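Have a look at the structure below before the remarks.
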């Protein structure tokens, strides 16, 4: 089954929870945590998500290159300008279980900046 979610005026974290649950198939009666039985999810209008408080300016994403002095910081505001789809993907990815299924499950997520025709 395929679910389409419009991200217009939705809070980032609450949207990510809903998407993660659909991807894993947690609402299905035959759910088991060790199988990939979730559905495909399409999220449109990724540019129009909202965050509460001062997160746009204060939330920081970290990435390390594994080289000395290789810690990189990126603010949420900058990531939204560069690619808002990556913000949602990171939020959903962090809510999936940290095991072999995570990379399989995240492949079923499709993100679009605007409404797909």
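The values are calculated or read from the model by the stated rules, or taken from the named source; none is laboratory data. Treat the numbers as computed from the prediction; the structure is a model and nothing was measured. No Cβ is skipped: glycine too gets one built from the backbone with ideal geometry, and neighbour counts run over all protein chains shown.
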Region 1-21 - residue that is assigned to a loop (DSSP other than H, G, I, E, B) and over 12 Å from the mean Cα position of the chain (by Cα) and, of those, nearest to residue 38 (Cα to Cα): 1
Right, residue 92: at pLDDT 95 or above, touching a helix residue (DSSP H, G or I) at 6+ places or on another chain (Cβ under 9 Å), assigned to a helix (DSSP H, G or I) and more than 12 Å from residue 20 (Cα to Cα) or not? no
Please note which strands (runs of 3 or more DSSP E) are completely contained in region 32-81 and include at least 3 residues that are exposed (fewer than 10 other Cβ atoms within 10 Å of the Cβ). 60-64
Any residue in region 82-89 that is touching a residue at least 40 places away in the same chain (Cβ under 8 Å) and either exposed (fewer than 14 other Cβ atoms within 10 Å of the Cβ) or assigned to a strand (DSSP E or B) (or both)? no
What number of residues in region 63-81 are closer than 17 Å to residue 51 by Cα and free of Cβ contacts under 8 Å to residues at least 12 places away in the same chain? 2
Condition check for residue 94: closer than 25 Å to residue 1 by Cα, surrounded by fewer than 14 Cβ atoms within 10 Å (Cβ to Cβ) and under 16 Å from the mean Cα position of the chain (by Cα): yes
Filter region 97-114 down to residues that are surrounded by 12 or more Cβ atoms within 10 Å (Cβ to Cβ) and either within 23 Å of residue 48 (Cα to Cα) or free of Cβ contacts under 8 Å to residues at least 24 places away in the same chain (or both), then give me how many there are. 8
Give just the number: which of (1) out of contact with any strand residue (DSSP E or B) (no Cβ under 6 Å at 6 or more places or on another chain); (2) at pLDDT below 95 does residue 116 not satisfy? (1)
